[in-house]
């Protein structure tokens, strides 16, 4: 009985700590983008509008060619942005364009 009670207590205790951890990855967009630019040398490299059931959000990819880091933000209309992914070894894929002198 004691083991079950301890197990359930630990489970609910860990579940109770999850929301603040998730909330720590959200904040004012201006503050977050300034931190990405100054702290990680990242700049906005791609983005798009994502339509949700209740609101539209902007998905932004911030990356640095200098450091190789990247961050994916979801920005809401109320000015709050949330980090949904971060990583390293970021790369670009550039499409080859035909030479201007080559007939198509």
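FYI, it's all coordinate maths here, none of it is from the lab. Since this is a predicted model, take the numbers as computed values, not measurements. Because the Cβ atoms are built from the backbone with ideal geometry, glycine has one as well, and the counts that use them run over all protein chains shown.
Condition check ((1) touching a strand residue (DSSP E or B) at 6+ places or on another chain (Cβ under 7 Å); (2) farther than 16 Å from residue 86 by Cβ) across all residues:
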| position | (1), (2) |
| --- | --- |
| 34 | no, yes |
| 37 | yes, no |
| 42 | yes, no |
| 46 | yes, no |
| 50 | yes, yes |
| 53 | no, yes |
| 57 | yes, yes |
| 61 | yes, no |
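Hey, can you tell me all the residues within the stretch 65-90 that are more than 18 Å from residue 29 (Cα to Cα) and surrounded by 16 or more Cβ atoms within 10 Å (Cβ to Cβ)? 69, 90, listed by residue number. Scanning the stretch 51-64 for residues that are more than 21 Å from residue 94 (Cα to Cα) and either surrounded by 12 or more Cβ atoms within 10 Å (Cβ to Cβ) or under 13 Å from the mean Cα position of the chain (by Cα) (or both) yields 57, 58.
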